[in-house]
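The structure appears below as structure tokens.
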Amino acid sequence: MIFLTIGTHEPFDRLVKAVDEWCAVHPLGATVFGQITSPKADGYAPKNFEWISRLSPADYATRFAAADLIVSHAGMGSILTALHSGKPIVILPRRGHLRETRNDHQYTTAKMLGTRPGIHVALDEAALGGVMDQALADLGKPGGIRIPATADPQFTDALRSFLTGGSARRK
Amino acid sequence: MTRPTRVLAVASAGGHWVQLMRIRPAWKGLEVTYVTTDSGLRQTVLDLARADGEAEPGFRLITEANRWHKRKLIRQLFELVVVMARLRPDAVITTGAAPGYFALRLGRMFGARTVWIDSMANAEELSLSGQQARRYADLWLTQWDHLATPDGPQYLGSVL
């Protein structure tokens, strides 16, 4: 199963449409399920896969766990959850000039994190299908991508020391 | 007699919340109350606390709002005033966005130590709320080494 998630706050028609088109040319390919936040009345409605506008945190976790591949905007929540779950993720960054978000921070995220194992970047919607095909072909290949459930203890220890009244210093 | 440090851990639902969950060892054994914008996350923190062997954390739901929804923002601010007055935390820590900014300002007024951790999503420049939070953050952090400067923000690590 492929789980499509476009984030908590804004629509992202460009990604939804590209995934829908991928489904149209892969009728026998993997099943897609999407969480498509706040679709506008005139927004793009997928024809080739099942979707819902908002999953509860528990249902989101269930869908995430059941997926072989995550397809997402380049949001940190999706990326961190994919890395922690050990699931490969395909990301398409929202762009500032297309008013998909305030600025190009997702583009920067894609550039900064796109070289990590398990993260596959499509810089635009034309590239998405090919990147999804490649990510699916890579499924099951060896190579650990899973990160621990929590941040580096050096970081959380520094925070803890500050919270409890000490000073936070970089070690 | 000493009591455990009371920590208010604040983030809007979504990516900010995912980042907040990744630093939860920072308040292990302390008295934490979570503040966020999705009621379903109450179960998430209860389950995590059980898995981590922690005491049951507090949980307060506030209105979801961003800078484009002024009326909701005012409501969110009011709800945070109530939370702050009731709980009187010793420390407030947040990964953003709007509710985190309000929580730091209010935390300051109520005498708490305040920590802003700018979202890892901001690798090119600090977020707007992160820039505004500067004046109210005792510890003002970026998660990207290259954004740290001698005058702040500091870099102490990242959630990844």
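Determine, yes or no, whether residue B:48 is closer than 20 Å to residue A:78 by Cβ, within 12 Å of chain A (Cβ to nearest Cβ) and more than 16 Å from the chain's Cα centre (by Cα). Here the answer is yes, as residue B:48 does meet what is asked. Summed over region B:16-36, residues that are more than 9 Å from chain A (Cβ to nearest Cβ) and touching a residue at least 60 places away in the same chain (Cβ under 8 Å) total 3.
Is it true that residue B:151 is at negative phi, away from chain A (no Cβ under 13 Å) and without any contact (Cβ under 8 Å) to a residue 12 or more places away in the chain? Against the criterion (at negative phi, away from chain A (no Cβ under 13 Å) and without any contact (Cβ under 8 Å) to a residue 12 or more places away in the chain), residue B:151 qualifies. Within region B:118-142, being touching a residue at least 40 places away in the same chain (Cβ under 8 Å) and under 22 Å from residue A:147 (Cβ atoms) holds for B:119, B:120, B:121. Counting only helices (runs of 4 or more DSSP H) that fall entirely inside region A:73-149 and contain at least 1 residues that are surrounded by fewer than 23 Cβ atoms within 10 Å (Cβ to Cβ), more than 11 Å from chain B (Cβ to nearest Cβ) and over 11 Å from the mean Cα position of the chain (by Cα), the qualifying elements are A:76-85, A:125-138. The listed residues are B:70, B:28, and the only one of them that is at pLDDT below 95 and on the phi < 0 side of the Ramachandran plot turns out to be B:70.
Among the conditions (1) facing chain A (nearest Cβ under 10 Å); (2) within 23 Å of residue A:164 (Cα to Cα); (3) surrounded by fewer than 23 Cβ atoms within 10 Å (Cβ to Cβ), residue B:87 misses just one, which is (1). Region A:1-63 holds strands (runs of 3 or more DSSP E) entirely within its bounds, and those carrying 1 or more residues that are in contact with an Asp or Glu (Cβ under 8 Å, 6 or more places away or on another chain) and crowded, with 17+ Cβ neighbours inside 10 Å map to A:2-5, A:32-35.
The values are calculated or read from the model by the stated rules, or taken from the named source; none is laboratory data. The shown structure was predicted, so the numbers you read here are calculated from the model rather than taken from an experiment. Backbone-built Cβ (ideal geometry, glycine too); neighbour counts: all protein chains shown.
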